[in-house]
Amino acid sequence: MKKIYIVFLVIPFLLTAQETKKSYFPRTLNLAGEVIKTSFKTIPSDFVYMGKNVSEDWKKTALYTGVVGALVLVDKPVTQFYQEEIETRIDYKLPNIAINNNEFPWLSGNDAYIFYTMAGIYAGSFFSGYEKGQYAAINSFKALAYSIAISHVMLKTVFGRSRPYVSLKNKTADFENPTDNPFDFFNSREGEYIFEGPHGTSFPSLHATAFFAMAKVFQMEFDNYWIPYGFMTAVFLADIKSHRHWVSDMVAGGIIGTVIGRSIVRSSWKARGLLPNKEKEIAIQCIPSVSSKYNGLTLVATF
């Protein structure tokens, strides 16, 4: 009798497991497809939100612009202090995790920690059917792509700022055409627009832009500051001596990256119906009201 009971207990379990296996992959693929589809559809609105971030809160935009401008004016002593008092005190390295020791940008060096982490989050979220994780990973990849396009390709080309000496105090450098003049802008990049080169590529910092953009995405998606910003900071500081920037370059990059990351998430939230009430659009209709007792207007607000 016990054997019969065991059989009757096991059979439903096996049938349920088989049914779950049949339905698991279609659901997983459907969810992943919907996430990817939505993420591509929101690309135009990502840039719309970037424009809104800059134009709607003009006081904050003016403040940040003023901060960067003021830093440019005092960049030489501030950057020299940074080189001598901060860079020299931070000295640690991360193990090389590049696959096959490749040297492709963002797949090698310390940047690989960022790329592979994002890829791992997406893979784990894909197989577990975790929607928020998939959106966070894809949005962080978008943040990286936008950072490269906006900071590295466009803004570096427009401003063409020369990089400072590795040591402003001793005027030493391990690359061509360094300067101790923080106002040395509008230089030619000499055709090096995609891959990093030493000519006119100081402002703004690509790494600061990308790291802040990706950290902002994860901070907003998971409502957690410490983990994303702590992780990005640890990776950034592990290569602190190789960035070769004026301080204002890094501050500007951080501000631009924050705008990029915030805009991507707000655009994604709108498409997913997750925007906070204060950020949702309010539609107001004005309807004439006419009756035997009174004439007037009826205002209808739709939230």
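The values are calculated or read from the model by the stated rules, or taken from the named source; none is laboratory data. Everything quoted here is computed from the prediction, not taken from an experiment. All Cβ positions, glycine included, derive from the backbone under ideal geometry; neighbour counts span all protein chains shown.
Data overview
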quantity	calculated
Residue check for ASN101: surrounded by fewer than 16 Cβ atoms within 10 Å (Cβ to Cβ) and assigned by TED's automatic domain parsing to the domain that holds ASN224	yes
Any hit, segment 26-49, residues being among the hydrophobic types (A, V, I, L, M, F, W, C), in contact with a Ser or Thr (Cβ under 8 Å, 6 or more places away or on another chain) and either modelled with pLDDT of 55 or more or surrounded by 12 or more Cβ atoms within 10 Å (Cβ to Cβ) (or both)	yes
Residues of segment 50-75 classified as surrounded by 14 or more Cβ atoms within 10 Å (Cβ to Cβ), at pLDDT below 95 and among the charged types (D, E, K, R), total	1
Residue in segment 216-225 that is outside any loop (DSSP other than H, G, I, E, B), among the hydrophobic types (A, V, I, L, M, F, W, C) and in contact with a Ser or Thr (Cβ under 9 Å, 6 or more places away or on another chain) present	yes
Residues being of a type in the set (Gly, Ala, Ser) and not in a helix (DSSP H, G or I) - total across segment 96-147	4
